[in-house]
Structures are given as C-alpha cells and as structure tokens.
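Here's the structure we're looking at; comments come further down.
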There are 2 protein chains.
Amino acid sequence: MKTKNIKVTKQREIILDELRSLVTHPTADELYTNIKSRLPRVGLCTVYRNLERFYKEGLIGKIKGKPCRYDGKIESHNHIKCINCGKIEDLFVDIPVDTVEIDKLGYKLHSYKVEINGLCRKCNKESGRKKHVNKT
Amino acid sequence: MKTKNIKVTKQREIILDELRSLVTHPTADELYTNIKSRLPRVGLCTVYRNLERFYKEGLIGKIKGKPCRYDGKIESHNHIKCINCGKIEDLFVDIPVDTVEIDKLGYKLHSYKVEINGLCRKCNKESGRKKHVNKT
DNA sequence: ATGCAAATGATAATTATTATCATATGAAAA
DNA sequence: TTTTCATATGATAATAATTATCATTTGCAT
C-alpha cells in the first residue's frame with residue numbers, strides 16, 4: 001500500500017536552517033540571496049514554496065506586509081516595527097488578553113500577538129535632520 | 001503667494017463616507033465595486049490613492065494582507081480573524097502593554113494593536129465536516 | 001536496483017499596487 | 001463671476017510580489 005511519501009530535501013533543510021540562524025526577519029528574496037552560496041541552483045519559487053509550507057506547518061512565523069517577512073523563531077513573542085525605516089525587532093513582553101469578549105463572539109482562540117509601531121533609536125535621533133521614509 | 005490648495009472632491013467624500021458606513025473591512029477593490037453605483041466613472045486607482053491618503057492622515061485603519069483591507073473606524077480597537085474563512089471582526093478589549101521593554105530598546109512608541117487569530121463560530125461548527133481553507 | 005509520488009527549477013501567469021501623464025476640477029484671487 | 005493654476009482624476013502602462021504550470025529530478029519504500 002502507498003504511504004504518504006514526504007521527502008527531506010537538501011533545499012528544505014537549508015532554507016529552514018538558514019532562516020533559523022538569523023535574528024533578523026528576512027523577506028523571501030533576501031533569504032534566497034543568502035542561500036545562494038549554499039545552494040547555487042535553487043530557485044526563488046522553491047524558497048517561497050517552502051517558507052509558505054513551514055509557515056503552515058507552524059515551524060516558522062510570517063509577518064505580513066509588502067513584502068512579507070519570515071521569522072525563524074516560534075516561541076511566542078511580539079514585534080516592534082520602526083515606522084520610519086521599516087526594521088522589525090523582537091520584543092519579549094507578556095501580554096495578558098481578556099478572553100471574555102472573544103468567547104462572546106463565539107471564537108475558539110488560537111493565537112494572538114501584538115504589533116507595535118514606533119520610531120527606533122536611530123531614526124529618532126535622525127528625525128531632526130533629513131526625513132527618509134520607507135514603505136510597507 | 002501660493003497657499004496649499006487641498007481640494008474636497010466628490011470621489012474623496014464618497015470613498016470615505018462609504019467605508020465609514022460599513023462594519024466590514026473591505027479591500028480596495030470591494031470598496032471600488034460598492035462605490036460604482038454612486039460614482040460610475042471612478043477609477044480603481046483613485047480608490048487606492050485616497051485610501052492610502054486617508055490612512056496616512058490617520059482617518060482610517062489599514063489591515064495588511066494580501067490583499068490589504070481598510071477599516072472606517074479609528075477608535076482604538078482590535079481585530080480577530082478566523083484562520084479558516086479569513087473573516088475579520090472587531091473586538092473591543094482593552095489590552096495593556098508594558099512599555100518597559102520598548103523603552104529599553106530605545107523606541108519611541110507610536111501605536112500598537114493586537115492581532116488575534118481563532119476559529120469563528122461558523123467554521124468551528126463546520127470543522128467536523130469538510131475543510132475549506134482560505135488564504136491571506 | 002526499481003518504481004513512483006513528491007519536490008524542484010525554469011518559465012509564464014496572475015494579483016495587487018503604483019507610476020505616468022493628459023485632462024478636468026475646485027479653491028482662491030482678481 | 002470669471003480667471004488662474006495647483007491638485008485630483010481616470011486611462012493606461014508598469015512594477016513588485018507571489019503563485020501556477022509542467023517537464024525533469026530526487027528521495028523513500030519496496
């Protein structure tokens with residue numbers, strides 16, 4: 001009988017390993033560039049494909065935006081994003097959420113996280129001078 | 001001398017009015033479709049342009065995703081999203097965030113909101129049967 | 001070794017969003 | 001009012017990010 005044939009390919013291992021080795025939150029394209037040295041023939045779509053898959057399997061985090069960014073850490077944590085330069089950093093704060101309203105709406109809670117926006121130290125200092133504003 | 005000449009156009013008024021009249025969180029395209037009856041000759045890019053502008057002016061909210069969704073309410077509130085069907089509903093709960101860690105990182109706090117994921121009542125009931133999963 | 005489903009990489013397609021630019025329009029001045 | 005003209009619009013094209021298609025390759029189970 002046919003068992004489901006799930007393969008552990010070199011590219012899959014390296015993509016996950018590389019993402020996990022980073023403290024930053026790369027885009028698919030940035031990760032693709034990083035990985036090129038280890039896997040010169042890899043295609044960008046393979047990176048996308050596997051990132052999306054890891055995300056759905058709960059192995060990595062995904063931060064939606066334009067473009068999306070990925071996160072090798074899965075321990076529950078939050079992000080703070082600089083509204084000027086777009087950089088995202090980790091933030092380990094405990095956020096207590098009252099579930100009463102959630103129950104009232106009839107939802108079964110899965111996960112939650114806080115998205116914090118601010119001005120990073122660097123941009124804050126520079127804000128008196130020129131203004132360079134990123135999108136996303 | 002030239003004063004800045006900011007115009008209140010019909011399309012701008014209608015786009016904002018229409019978004020505010022909704023309790024849902026439409027995409028630019030959905031809003032564009034709604035508006036067609038009131039402004040038959042409007043272009044999709046005008047809708048995008050103005051939504052982006054309202055967002056930057058702080059008049060409306062924007063929920064990033066693929067595609068992005070817009071929110072006519074600005075009073076601080078949070079969203080709960082169904083991980084199965086993708087629907088987003090409002091959630092008015094007070095979430096206190098400890099700013100000590102934020103200060104430590106040197107950020108100047110601007111705003112924050114909680115993104116909650118769960119299974120809505122409808123999808124929860126149906127989850128025993130077929131599984132229809134949306135993207136975003 | 002062999003069979004074969006699953007994964008890859010090349011390419012093309014799609015989706016969402018944004019830029020360009022000629023034309024139209026609203027606000028202020030005359 | 002009429003005129004002026006910067007700003008907004010709509011048509012079109014362009015771009016950016018992501019996803020689909022499909023022939024080929026590669027691991028896993030026999």
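The values are calculated or read from the model by the stated rules, or taken from the named source; none is laboratory data. Keep in mind the model is a prediction, meaning the values are calculated, not measured. Don't worry about glycine lacking a Cβ; one is built from the backbone with ideal geometry, like all the others, and counts go over all protein chains shown. These accessible areas exclude ligands, DNA and RNA; they are computed on the full protein's heavy atoms, side chains included. Shrake-Rupley method; radii C 1.70, N 1.55, O 1.52, S 1.80 Å.
Please sort by residue number the chymotrypsin sites (Phe, Trp or Tyr not before Pro) in region B:42-122 whose DSSP state is loop and whose Cβ has at most 14 other Cβ atoms within 10 Å. Don't skip to the end; give the middle numbers.
Details: sites: B:TYR48, B:PHE54, B:TYR55, B:TYR70, B:PHE92, B:TYR107, B:TYR112; in loops: B:PHE92, B:TYR107.
Counting only loop positions with at most 14 other Cβ atoms within 10 Å, the chymotrypsin sites (Phe, Trp or Tyr not before Pro) in region B:42-122 are B:PHE92.
Leaving ligands, DNA and RNA out of it, report the carbon-plus-sulfur percent of the accessible area of chain A at a 1.4 Å probe.
Working: 4600 of 8790 Å².
C and S fraction of accessible area: 52 percent.
How compact is region B:1-73 by the rule of thumb for globular proteins, expressed as Cα Rg over 2.2 N^0.38 Å? Don't jump to the answer; show the numbers that get you there.
Working: Rg = 12.5 Å, N = 73, 2.2 N^0.38 = 11.2 Å.
Against the empirical 2.2 N^0.38 Å value, I get 1.11 for region B:1-73.
Mind jotting down the three principal axis lengths of the protein assembly as shown based on Cα atoms? Whole angstrom, largest first.
Its Cα atoms span 72, 54, 40 Å along the three principal axes.
What FRET efficiency would be calculated for the residue pair B:GLU30, A:ARG38, taking the C-beta separation as r and a Förster radius of 41 Å, to the nearest 0.05?
Details: r = 43 Å, r/R0 = 1.05.
Approximately 0.45, to the nearest 0.05.
Along each of its three principal axes, how wide is the spread of alpha-carbon positions in chain B, in whole angstrom units, largest first?
Between the extreme Cα coordinates on each principal axis of chain B lie 63, 46, 22 Å.
What total accessible area, in Å², is buried where chains B and A meet, using a 1.4 Å probe and rounding to the nearest 100? Walk me through the numbers on the way to the answer.
Working: alone 10430 and 10410 Å², together 17600 Å².
Summed over both sides, the interface buries about 3200 Å².
With labels modelled as points extended 7 Å from the Cα through the Cβ direction, what inter-label distance (nm, one decimal) is found for A:LYS104 paired with B:ASP103?
3.3
Grab the Cα-Cα distance for A:CYS45 and A:GLU57, subtract it from 0.36 nm times how many residues apart they are, and report the gain in nm with one decimal.
Values: separation 12, 0.36 × 12 = 4.32 nm, distance 1.80 nm.
Roughly 2.5 nm would be gained on extension.
Kindly provide the GluC sites (Glu not before Pro) of region A:8-88 that DSSP labels as loop, not H, G, I, E or B, and whose Cβ sees at most 14 other Cβ atoms within 10 Å.
Details: sites: A:GLU13, A:GLU18, A:GLU30, A:GLU52, A:GLU57, A:GLU75; in loops: A:GLU75.
Sparse-neighbourhood loop GluC sites (Glu not before Pro): A:GLU75.
For region A:1-74, report the accessible area per residue in Å² (1.4 Å probe, heavy atoms, rounded to an integer).
Counting only protein heavy atoms, the per-residue value for region A:1-74 is 66 Å².
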